[in-house]
Amino acid sequence: MKYDTKLPPAILLGADTPIGLTIIRDLGEHGVSIYPIARSRDGIGLYSKWTVRGYLRPPDENSTIELLNQIAAEQGAPFLLAIAERDLLLIRAAADAGRFAGLHALVPAAAQLAMVFDKSATYAAAKDVGVPVPATWQPPDGAMIGTPPAELTFPCVLKWPDPQSLGNALAEREIPFLKAEYCHNRAELQQALARYEPYGRYPLVQAFCPGAGLGHMIFLHRGEALLRLQHRRIAEWPPEGGFSTVCESLPLSLNAELFAKSEALLKRIGWEGAAMVEYRFNARTELACLMEINGRFWGSLPLAYHAGMPFAWYTYAVLGLGIRPDPPRYRTRIRCRYMIPETRRILSLVRCRGRLKNGERASVSAEIYEYFRQFFSLRSRYFVFTFTDPTPFLADIIFAIWRGWRRFLGSQEVRSRGGLSTTRSGR
């Protein structure tokens, strides 16, 4: 389907990561003028050839809303997209309060955001449609931290059900925020939970689900799935589980029953737009456990882009313009690599000799071999680098070198101060 008229411009809040860069490329290649906003000049999306003009984000929320309205007025941009969870909540609240003048926020409704950002609510909805969830426990108070339920197995993982609700509560009590923490026995679990006694609230405790990440990317509109893509995580940073550093598109014929349940889950919560239902999948036992619903543009979005699934374009076209583009077919067995953290992962495996914190082991030699082999594969793609838009990759490398150099200078300064203090005390 071709569109002869000039498409309205769009604003993107969040041009700092490969996710934002992918959105810029996706929309730009479909003829949309993009005005991205980044937190700093390191934001790689600012250097895409599809960026008409980039902006730096103000430090506070009110100034950010003012900047969005300013760009909309100056550039005639009626549509706004965002990535980070806090930004989605900020934009939705501002839109519902009528703080945008002529700017249509292409973000989910508040009720749907609240559902997917709260793991407890997500798991409850998942059980209703038969989606498998991990054994989960949350201590109601400090008296219970030493008595986990008998069905809880080890190792287990501590995660906050709704990190956005924490605000600065942990920092004010000098408690570190840990996205995920592994415990291998009851003693370690009790010690980890005791850290939160000054706060009075406790994270979820989940049985560890072995296997690799499996993701179902879906664009849902009025109860109908317009885009579908299945992928698996081959590598993550940190290696025990985190964001994807190598991922691969899979045919929909695999795990078809589970994919149908993923669609049913999104329909159950009334989802509208792009989302990814994320599992841990054990290929040996064929057992899956739901991890979360990503109700925002997710980290492996570059894979969808390279495989031919235009989730950003559909968000703009379907939710913004009110049109339904021709459904594409995606390319399977495409691998996408996030090179800087993937290189960090390989170096980490070398240092720990393949022994992971969750008790699993990795073959260091096999990982190194595969790392280099993929550079020569015709199916390899990259989160940042493309031949058609290479400048963001070059900027990313330059900024990474500069950050490393600054850290080195900082460490040298600390050492020199330490040596000076030792000399003076010796006198």
If you take the residues in segment 120-134 that are modelled with pLDDT of 90 or more and out of contact with any helix residue (DSSP H, G or I) (no Cβ under 9 Å at 6 or more places or on another chain), which one is nearest to residue 87 (Cα to Cα)? 123
The residue from 353, 373 that alone is over 30 Å from residue 46 (Cβ atoms), surrounded by fewer than 18 Cβ atoms within 10 Å (Cβ to Cβ) and either modelled with pLDDT of 95 or more or acidic (Asp, Glu) (or both) is 373
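Every residue, every condition in (1) of a type outside the set (Asp, Glu); (2) assigned to a helix (DSSP H, G or I); (3) touching a Ser or Thr at 6+ places or on another chain (Cβ under 7 Å); (4) at pLDDT 95 or above, yes or no:
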site	(1), (2), (3), (4)
279	yes, no, no, yes
304	yes, yes, no, yes
316	yes, yes, no, yes
326	no, no, no, no
359	yes, no, no, no
Expected single match for surrounded by fewer than 19 Cβ atoms within 10 Å (Cβ to Cβ), of a type in the set (Phe, Trp, Tyr), outside the structural domain of residue 176 (by TED's automatic domain parsing) and modelled with pLDDT of 90 or more among 117, 100 is 100
Against the definition (part of a helix (DSSP H, G or I), at pLDDT 95 or above, more than 30 Å from residue 6 (Cα to Cα) and not hydroxyl-bearing (Ser, Thr, Tyr)), how does residue 112 come out, yes or no? yes
Cβ contacts < 7 Å: first residue under 29 Å from residue 322 (Cα atoms), restricted to segment 101-124; second residue in a strand (DSSP E or B) and among the β-branched types (Val, Ile, Thr), any location; separation 6+ or different chain. Result? 116/293; 122/293
In this structure, does residue 20 turn out to be small (Gly, Ala, Ser), in contact with an Asp or Glu (Cβ under 7 Å, 6 or more places away or on another chain), at pLDDT 95 or above and under 26 Å from residue 220 (Cα atoms)? no
Tally time: how many residues in segment 23-41 are assigned to a strand (DSSP E or B) and either aliphatic (A, V, I, L, M) or within 13 Å of residue 87 (Cβ to Cβ) (or both)? 4
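The values are calculated or read from the model by the stated rules, or taken from the named source; none is laboratory data. Fair warning: this is a prediction, and the values are worked out from it, not measured in the lab. Counting neighbours? That spans all protein chains shown, and the Cβs are built from the backbone with ideal geometry, glycine included.
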